[in-house]
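Chemist: Structure in structure tokens, see below.
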Amino acid sequence: EQILQVEGLTARVEDKVILHEVGLTIKKGETHVLMGPNGAGKSTLGYVLTGNPKYSVTEGKILFKGNDITEEAADKRAKAGMFLSFQEPLEVPGLSLESFIRSALSEQGRNKMRVWNFRKELKAAMEVLHMDPSYAGRDLNVGFSGGEKKKSEILQLMMLKPDLAILDETDSGLDVDAVRLASEGIREYQKENPDGALLIITHSTRILDALHVDATHIMVNGHIVASGDASLVDKINREGYEEYEKLAQKGE
Ligand code: ADP
Ligand code: MG
Ligand code: MG
């Protein structure tokens, strides 16, 4: 059963077309990887899928759990179960990490948990990520190191349990141990939500080592130029993007 179905998606920011006729289908429980050189449009795809108003879709459509959400506002998509972890997580002074997660759950109509149970679950998730419990009470991402911000994103993933999570370079800038913990957090999310689907944007394989990858897609110049299985990740790491950049040039 399909969680996400993207067809012929063309999108622009201001007057610049960034995504060209992107097609992508992700089924329940699948983990997809999106790779590509800098500036290919990977983050843009994450923003367009989650409804960032800076981007506009000029052609094509996005179906989420069977519903056409192409024109839906970002908050509605989030409520429906879409999650984007940012490449550069935002700092939110005056809102604690714990309050942020609780209010996000409320907005999704999923704050059925009693405070005590919520705290227990939050504590357990923070333990998986080796996050100090005091971070729950700190303002969201304010004064967090780069690695702590990324952990806070994975914590949100674990607590919000979205139907589709897009992780945009959540592993970049993390040391080896932090990548392993992030990966553990992702596995915990998968274990708790067997139907949850992931789109992982990454440059490295380390975060994927412990994860089962169902499909890999290569994006160059806003086009998905190749898709394959998990072995495509290793091929890219050996050979780089040159072959795919040539393909993209031919297609234009
Ligand atoms: P990636 O995540 O693959 O590195 P991005 O999606 O961040 O790529 O960017 C794709 C292209 O879109 C780049 O050429 C970038 O300069 C351009 N771009 C992204 N955001 C904007 C914006 N707000 N205004 C103009 N160009 C943008
Ligand atoms: Mg799976
Ligand atoms: Mg990016």
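Every number in this text was worked out from the coordinates using simple rules, so none of it is lab data. Only a predicted model underlies this, so the values are computations on that prediction, with no experimental measurement involved. Cβ atoms come from the backbone with ideal geometry, glycine included; neighbour counts cover every protein chain shown.
Chemist: Skipping prolines and chain starts, which residues have an amide H placed within reach, meaning under 5 Å, of the one on ILE200, given they are 5 or more residues away or on another chain?
Modeler: Under 5 Å from the amide H of ILE200: HIS32, VAL33, LEU34, LEU167.
Chemist: Compute the distance from the alpha-carbon center of the stretch 209-252 to that of the stretch 41-58, in whole Å.
Modeler: Measuring centre to centre over Cα atoms gives 20 Å.
Chemist: Please report the base-10 log of the normalised intensity I(q)/I(0) for the stretch 133-186, using a Debye sum with one equal scatterer per alpha carbon and no solvent, at each q in 0.13 (1/Å).
Modeler: Cα-only, vacuum Debye calculation for the stretch 133-186: -0.30.
Chemist: Just to be sure I understand the model, the point goes 7 Å from the Cα along the line to the Cβ. What's the resulting LYS79 to ASN67 distance in nm?
Modeler: Computed distance between label sites LYS79 and ASN67 equals 0.9 nm.
Chemist: Could you give the angle, 0 to 90 degrees to the nearest 10, between helix 242-251's Cα long axis and the longest principal axis of the Cα atoms of the chain?
Modeler: Value to nearest ten degrees: 60.
Chemist: Please determine, in degrees from 0 to 90 and to the nearest 10, the orientation of helix 97-107 with respect to the longest principal axis defined by the Cα atoms of the chain, where the helix direction is its Cα long axis.
Modeler: 70
Chemist: Out of residues 5 or more away from ILE3 or on other chains, whose amide H comes under 5 Å of its own, with H placed 1.01 Å from N in the peptide plane?
Modeler: Under 5 Å from the amide H of ILE3: ILE26, LYS27, LYS28.
Chemist: First measure r as the distance between the Cβ atoms of SER231 and VAL142, then evaluate 1/(1 + (r/R0)^6) with R0 = 35 Å and state the FRET efficiency to the nearest 0.05.
Modeler: 0.25
Chemist: What is the helix-to-structure angle for 115-128, meaning the angle in degrees between its Cα long axis and the longest Cα principal axis of the chain, kept from 0 to 90 and rounded to the nearest 10?
Modeler: 60
Chemist: Still on this structure: With +1 on each Lys and Arg Cβ and -1 on each Asp and Glu Cβ, and nothing else charged, work out how big the dipole of the stretch 2-251 is about its Cα centre, in Debye to the nearest 20.
Modeler: 700
Chemist: Please name whichever of PHE118, ASN193, TYR244 sits farthest to the positive end of the charge dipole of the stretch 2-251, dipole taken about the Cα centre and charges placed at Cβ: Lys and Arg +1, Asp and Glu -1.
Modeler: PHE118
Chemist: Another question, if that's okay. For ALA226, list long-range residues whose amide hydrogen, built 1.01 Å from N in the peptide plane, is under 5 Å from its own amide hydrogen.
Modeler: Close amide H contacts, sequence-distant or interchain: ILE218.
Chemist: Using mean Cβ contacts within 10 Å as the protection proxy, how do 116-122, 182-188 order, highest first?
Modeler: The most tightly packed comes first, giving 182-188, 116-122.
Chemist: Could you put LEU90, LEU208 in order, starting from the residue whose Cβ has the fewest other Cβ atoms within 10 Å?
Modeler: So the residues, fewest neighbours to most, are LEU90, LEU208.
Chemist: A further question follows. Once you have the Cα-Cα distance between LEU90 and GLN249, take 0.36 nm times their residue separation minus that, and quote the gain in nm to one decimal. All intermediate terms of the calculation are to be shown ahead of the outcome.
Modeler: Working: separation 159, 0.36 × 159 = 57.24 nm, distance 3.51 nm.
Additional length available on full extension: 53.7 nm.
Chemist: Checking the table LYS27/LYS161; LYS27/LYS79; LYS16/LYS42; LYS42/LYS235; LYS65/LYS151; LYS54/LYS191 against a 25 Å threshold on Cα-Cα, which pairs fail? The partial results should precede the final answer.
Modeler: Numbers: LYS27/LYS161 16 Å; LYS27/LYS79 19 Å; LYS16/LYS42 15 Å; LYS42/LYS235 19 Å; LYS65/LYS151 28 Å; LYS54/LYS191 34 Å.
Check vs 25 Å cut-off fails for LYS65/LYS151; LYS54/LYS191.
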